[in-house]
Amino acid sequence: MRLCINIDHVATLRNARGEMQPDPVTLALLCEQAGADGIVVHLREDRRHIKDRDVKLLRELLTTKLDLEMAATPEIIAAACNILPDLVTIVPEKRMELTTEGGLNVLDNIEHLKDAIKELHKHRIEVSLFIEPDIEQINAASDIQSDFIEIHTGIFANAGSLEEEFEELEKVRLAAKHAKKLGMGVNAGHGLNYQNMKTFRNVPDIDEVSIGHSIIARALYVGLPAAVKEMFEVMKTS
Ligand code: PXP
């Protein structure tokens, strides 16, 4: 299982003072040096955390992989085709949300997403769709030539009981297996942390996890390289 680190929260902290520190680009490079397999940034329409300058520098400096999380709007698709990330992860985006709140409804937006994927493929950019662990959504993602899915793990992460956690994990497990059978890569993310990873790490068929908040929060206590290494330790399957 590969680990990609979302550094949006570093940009949020920087922007709180409108100054240059902490610099998300420098810290992304530190994540890479600590072994991260890639960096994820969400370029929002309102640029509330990651800025165009950050993405441009990341594209230039990263030696692993740049995963650009984004909404499928014309302006952001054009920006992606200019930046040329290794992967675009399409997410639903609402202005007022604190973070991405759930998966895309691929079935309800099939033509729009199909066109977005076509455009990104024209620029040789691979595409992932952030969706719930739902078989119909996965089939729709496959129908429109998505290269990957990213399974939303937020419901698993926020489960109120062991029973609910088990049920959600089972949905993720079946979803990942199904997507693999259809030939897609399988990423997962949202709410994964040092505790729930002890359970999550046993799910087969997950190629990559995308983790932000828990690692950046842990970094305040132990430093970023140590926080990244601790997560790799937890990710090792038992
Ligand atoms: N994957 C997606 C699609 C997301 O929107 C986010 C949150 O930015 C993450 C993964 C990472 O979630 P977290 O910050 O809870 O680890």
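The values are calculated or read from the model by the stated rules, or taken from the named source; none is laboratory data. Everything numeric here is computed off the predicted structure, so don't read it as measured data. Neighbour counts run over all protein chains shown; Cβ positions are idealised from the backbone, glycine included. Areas reflect the complete protein model, heavy atoms only, side chains present, ligands, DNA and RNA absent. Shrake-Rupley method; radii C 1.70, N 1.55, O 1.52, S 1.80 Å.
Projecting the Cα atoms of 91, 22, 125 onto the charge dipole of the chain (Cβ charges, centred on the Cα centre) puts 22 farthest toward the positive pole. Multiplying the residue separation of residue 13 and residue 229 by 0.36 nm and subtracting their alpha-carbon distance yields 75.5 nm. In plain terms, the chain from residue 48 to residue 114 could stretch by 21.0 nm, reckoned as 0.36 nm per residue minus the Cα-Cα distance. Only the Cβ atoms of Lys and Arg (+1) and of Asp and Glu (-1) were treated as charged; on that basis the dipole of the range 1-149 about its Cα centre amounts to roughly 600 debye. Once the Cα-Cα distance is subtracted from the 0.36 nm per residue extended length, the residue 82 to residue 201 segment shows a gain of 39.3 nm. Of the two radii for the range 3-138, the radius of gyration is 0.96 times the Kirkwood radius, both from the alpha carbons; that is the Rg over Rh value.
Averaged over all directions, how much area does the convex hull of the C-alpha atoms of the range 95-238 cover when projected, in nm²? Mind dumping the intermediate values first?
Working: hull surface 40.1 nm².
If I average the Cα hull's projected area over directions, I get 10.0 nm².
For residue 230, the solvent-accessible surface computed with a 1.4 Å probe is close to 60 Å², ligands and nucleic acids excluded. Structural size metrics of the range 62-153, computed from C-alpha coordinates, are Rg and Dmax of 12.4, 37 Å.
Give the average over all directions of the projected area of the C-alpha convex hull of the range 1-75, one decimal, in nm². Write out the running numbers ahead of the final one.
Working: hull surface 20.8 nm².
Answer in nm², one decimal: 5.2.
Tell me, what is the 1.4 Å probe accessible area of residue 119, in Å² to the nearest 10? Looks like 60 Å² after rounding.
What accessible area per residue comes out for the range 171-216, rounded to a whole number of Å², with a 1.4 Å probe?
Details: 1830 Å² over 46 residues.
Spelled out: the 1.4 Å probe surface of the range 171-216, per residue, equals 40 Å².
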